[in-house]
Amino acid sequence: MSDQNSLSRRAALTKIAFAFNAVVGAVLAVPVIGYLLSPMVRARKNGYSSWFALGDVTKFPAGQTRLATYRNPISNAWDGQTADIACWVRNIDGSQFQVFAVNCAHLGCPVRWFPQSGLFMCPCHGGAYYEDGSRASGPPERGLFTYNHKIEKGELWIDAGSLPTPGGSAFNILNNGKRCA
Amino acid sequence: MRLISQIGEWFDARLQIAADLRETMDHPVPKSAASWFYVFGSGALVIFGLQVVTGILLALLYVPSAGEAWNSLQALNHNVTMGWFLRGMHGWGSNFMVAIVLLHMVQVFLFGAYKFPRELTWVVGICLLLMTLGMAFTGQVLRFDQDAYWGLGIGASIASRVPIMGPQIVHLMLGGPIIAGATLSRFFALHVFVIPGTLIGLVGLHLLMVLKLGINEWPMPGRVVRRATYLKEYKELVHNDGEPFVPYAIWKDVFFAGILIACVVLCAAYFGPFGPTGRPDPTNIQAIPRPDYFFLWLYALLALLPPEMETPALLIGPVVVLGGLLLMPFFFGEGEKSWKRRPVAVISVLLIAVALGTFTHLSSYTPWSPIMDAWSGDPIPPSDLAHRSALERQGALVFQQKQCHNCHSLGNEGGMRGPALDSVATRLTQDQLIRQVIQGGGNMPAYGKNLSPAQTTALVAFLETLRPEGQAPARNAALADEGTASAPASAATPKK
């Protein structure tokens, strides 16, 4: 066997060795990528929202808008207070309700309800909304995010569970057709 | 002495590093480069080292758990010996690092140091800038308080605007459906492992290139960079007018390092640590979130951009800026280095500095935001009531109650979201005032549904009194006759 032959044999073995590692790497990449993308995959498969009761309807007097809080349906023991979420509940006339996310539709800061002027105002960039959640002024391009709701056995239920964001398509649909389940 | 050198030789026989070290120390630098303007790069490295040390010290006690992080920061501030000081060092160190990195970048840009053959050094430098800002943002998140919580919400809202992939990116960023434990854990991993690891690697590369290519010479007007001749010219310059880096140039770097660390120590000792502000409790909606100072300009920009421009600006803007910065050395890799012959470069730097400075200044008093503590509970200032009819006083009450003060100031008190109303009666007629109050417009909400006709009448009567003495009220020019007849009359003229 000449030197050249043995060299090319070694070169071929090196190539095979690298190819073998590439295969191992590709197989290894599957669980790693699956692990990294799990929050996305879970959102698509099961969704993050679910129905739960906010409490007795009598907690929300007619004609008023009040803050309600709930423990997020999906949470971990170590989430602490961060899994306690707030929403604004508006009882329009005793039978009709609206439930808004506290997150401004601009960049998510917490909007506050001012009953005297009948406005939701945002402390960050100056967004303002009317009592029905529609946009009044400022940078938001749309009204407040609304949650689907229903009344069952005297309790107000909402369909919630994830942080509403301006790009979240689900919330855009919700806001247009205020449908009740 | 003999023993020390013998030990040294023993190690070097095994490490084989002394020759390389000596070469590095002795590498010649142009005499002109031994300048106080050339200390920012090493300064940034020193602060980075300081951040690593103080960061590790904080990590000995910090708990990266959404439920406990805030408590562990409180313990660091109050219960642990000198914990407050180390938090101060790390917080102030981050401010200094951002500032020094930016200064370094401006100096490199104005001295034309990004030109041939140092294009890649610049590109790596831009990556280092991004990593530094990444450290600043993730660090603000680890200070897990109200600002961090809502800051993450703002980040998520921006990310969600990416077309198609937006919501998925948000879930990836948050590690779940909401800002919670998984979010803090991944930002901890980014801040403590991923970004610093990348930073260390890139700093090494950056430094290696500075050593291999030589430090940029002091730019002289007329000494033009050409790809064909530069390397030879630089070699000659260093040969004829160069000195070894140690000790000719390094003493300034060492001095600057001492000054920087002393400044961080003084700031930490005098001003103390940053926060944490209120607990990261999403149900406490009294929060008024604010970013750290290096992102204040962005805070202002997001408030001032027209709504329809915001998403394109947020998504395209960074790509354009980043692309421009990365490609710049490839388009302007030759030519004049001196700022004296590069007016566009100087004006660009000044323009960007003034713009960022102005936005940052605006963010210190956020004129675009209503003031959130309403005046509705306060007594009405006597000046709003004096010399006014009963109806006008009723209007002053409506003004106070309906939170008009949140956005409008009277006598320098109140928000700046809307115009000051001290002289509104000279600008708007009675009809215009009624229309503006009821229908809103020009960024003002409509109050038609929220005011009874009697309240509107009273409020407008009060607004009509708001004009400086001696200035005529606004009048409808189309009704010329009536205008001349009624203009000098009391502003509170009854309607019709």
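Where a number appears in this text, it was derived from the coordinates with a stated rule and is not lab data. Computed from a predicted model, the values in this text were never measured in an experiment. Positions of Cβ are generated from backbone atoms using ideal geometry, with glycine treated the same way; all protein chains shown enter the neighbour counts.
Sequence neighbours fewer than 8 away in the same chain don't count; with that in mind, list the lysines whose C-alpha is under 24 Å from B:Lys402.
Filter leaves B:Lys449, B:Lys495.
Could you list, bin by bin from short to long, the percent of Cα-Cα pairs of segment A:49-176 in 10 Å steps?
13, 45, 35, 7, 0
Aspartates and glutamates near A:Lys150 by alpha-carbon distance under 19 Å, same-chain residues fewer than 8 away left out - which ones?
Correct list for A:Lys150: A:Asp56, A:Asp93, A:Asp132, A:Asp159.
Using 7 Å Cα-to-Cβ label points, what is the A:Arg42/A:Leu7 separation (nm, one decimal)?
With each label placed 7 Å out from Cα toward Cβ, I get 5.6 nm.
From the gyration tensor of the Cα coordinates in segment B:369-422, what semi-axes in whole Å does the equivalent ellipsoid have, largest first, with each one equal to sqrt(5λ)?
Over the Cα atoms of segment B:369-422, the ellipsoid semi-axes are 19, 11, 9 Å.
Which whole-angstrom value gives the distance between the alpha carbon centres of segment B:332-376 and segment B:435-469?
37
Run the simple label-point estimate for A:Trp51 and B:Ile164 please: 7 Å along Cα→C-beta, distance reported in nm.
For A:Trp51 paired with B:Ile164, the spin-label model returns 3.5 nm.
Identify all aspartates and glutamates with a Cα-Cα distance to A:Lys59 below 13 Å; exclude those on the same chain that are fewer than 8 residues away in sequence.
Reachable aspartates and glutamates: A:Glu155.
Does anyone have the angle between helix B:83-110 and the longest principal axis of chain B? Alpha-carbon axes, 0 to 90°, nearest 10?
Approximately 80 degrees, to the nearest ten.
Among B:Thr81, B:Leu174, B:Ala303, which residue has its Cα furthest toward the positive end of the charge dipole of the protein assembly as shown, with +1 on Lys/Arg Cβ and -1 on Asp/Glu Cβ?
B:Leu174
Compute, for chain B, the length of the dipole vector about the Cα centre, with Cβ point charges of +1 (Lys, Arg) and -1 (Asp, Glu) only. Units Debye, rounded to 20. Display every interim value, and only then the final one.
Working: 34 positive and 32 negative charges, 117 e Å.
Using Cβ point charges on Lys, Arg, Asp and Glu, chain B gives about 560 debye.
Listing B:Arg186, B:Arg161 from the residue with the fewest other Cβ atoms within 10 Å to the one with the most, what is the order?
Details: B:Arg186 21, B:Arg161 18.
The order, fewest Cβ neighbours first, is B:Arg161, B:Arg186.
Counting just the Cα atoms, what span does the protein assembly as shown cover along each of its three principal axes? Round to the nearest Å and put the largest first.
Here the Cα extents, ordered largest to smallest, are 108, 66, 54 Å.
Is segment B:97-142 best put as rounded, prolate or oblate by its Cα gyration tensor, with a ≥ b ≥ c the root eigenvalues, rounded for a/c under 1.5, and otherwise prolate when a/b is larger than b/c, oblate when not?
Here segment B:97-142 falls in the oblate category.
Name the shape class, rounded, prolate or oblate, that the alpha-carbon gyration tensor gives for segment B:316-430, where a ≥ b ≥ c are the square roots of its eigenvalues, rounded holds for a/c under 1.5, and otherwise prolate holds if a/b is larger than b/c and oblate otherwise.
Since a/c reaches 1.5 and a/b is larger than b/c, the shape of segment B:316-430 is classed as prolate.
Amide H of B:Ile178 versus every other amide H placed in the peptide plane: which residues, excluding those fewer than 5 positions away on the same chain, fall under 5 Å?
A:Leu163
Given charges of +1 on the Cβ of Lys and Arg and -1 on the Cβ of Asp and Glu, with all other atoms neutral, how large is the dipole of segment B:382-486 about its Cα centre, in debye to the nearest 20?
The calculation lands at about 320 debye.
Which net charge results for the neighbourhood of B:Val398, defined as the other residues with beta-carbon distances under 12 angstrom from its beta-carbon, given Lys and Arg at +1 and Asp and Glu at -1?
Result for the local shell: 0.
Pick out, from A:Ala43, A:Gly138, A:Leu119, the residue whose Cα sits farthest towards the positive end of the charge dipole of segment A:1-155, with +1 on the Cβ of Lys and Arg and -1 on the Cβ of Asp and Glu.
A:Ala43
Angle between the Cα long axis of helix B:430-439 and the longest principal axis of chain B, 0 to 90 degrees, nearest 10?
For B:430-439 against chain B, the angle is about 60 degrees.
Work out, step by step, the length gained on full extension between B:Glu23 and B:Leu391: first 0.36 nm times the residue separation, then minus their alpha carbon distance; give nm to one decimal.
123.7 nm
Are there any GluC sites (Glu not before Pro) in segment B:385-486 that are in a DSSP loop and have at most 15 other Cβ atoms within 10 Å? List them by number.
Those that pass, being in a loop and sparsely packed, are B:Glu469.
Quick check on chain B: helices-only [θ] at 222 nm, where DSSP H runs of length 4 and up contribute -39,500 (n - 2.57) each and the sum goes over total residues. Nearest 500, please.
Value at 222 nm, helices only: -19000 deg cm²/dmol.
Provide B:Val98, B:Val246 in ascending order of the number of other Cβ atoms located within 10 Å of each residue's Cβ, fewest first. Could the numbers behind the result be given before it?
On the way: B:Val98 21, B:Val246 14.
Lowest count first: B:Val246, B:Val98.
Where nothing but the Cβ of Lys and Arg (+1) and of Asp and Glu (-1) is charged, how large is the charge dipole of the protein assembly as shown around its Cα centre, in debye to the nearest 20?
Value, rounded to 20: 1120 debye.
Would you be so kind as to identify which of B:Phe332, B:Ala353, B:Ser423 lies farthest towards the positive end of the dipole of chain B, taking Lys and Arg as +1 and Asp and Glu as -1 on Cβ and the Cα centre as origin?
My answer, from the dipole projection, is B:Phe332.
Where does helix B:40-59 land angle-wise versus the long Cα axis of chain B, in degrees 0 to 90, nearest 10?
Its long axis makes an angle of about 80 degrees.
Among B:Glu119, A:Glu152, rank each residue by its count of other Cβ atoms within 10 Å, from fewest to most, as a rough exposure measure.
A:Glu152, B:Glu119
When a/c is below 1.5 the answer is rounded, else prolate if a/b is larger than b/c, else oblate, so apply that to segment B:382-486 with a ≥ b ≥ c taken from the square roots of the Cα gyration tensor eigenvalues.
Here segment B:382-486 falls in the rounded category.
List, in order, the whole-Hz ³J(HN,Hα) value for each residue of segment A:24-32 obtained from phi through the Karplus relation with A = 6.51, B = -1.76, C = 1.60 and θ = phi - 60°; use x for Gly and Pro.
Once θ is set to phi - 60°, the couplings for segment A:24-32 become 4, x, 5, 5, 5, 5, 4, x, 5 Hz.
How large is the convex hull of the Cα atoms of chain B per residue, expressed in Å³ as a whole number? Each step should come with its number before you reach the end.
On the way: hull volume 117.4 nm³, N = 496.
Considering the Cα atoms of chain B, their hull volume per residue is 237 Å³.
Testing the spin-label approximation: label points 7 Å from Cα along Cα→Cβ at B:Glu469 and B:Ser383. State their distance in nm.
Here the answer is 1.3 nm between the modelled labels.
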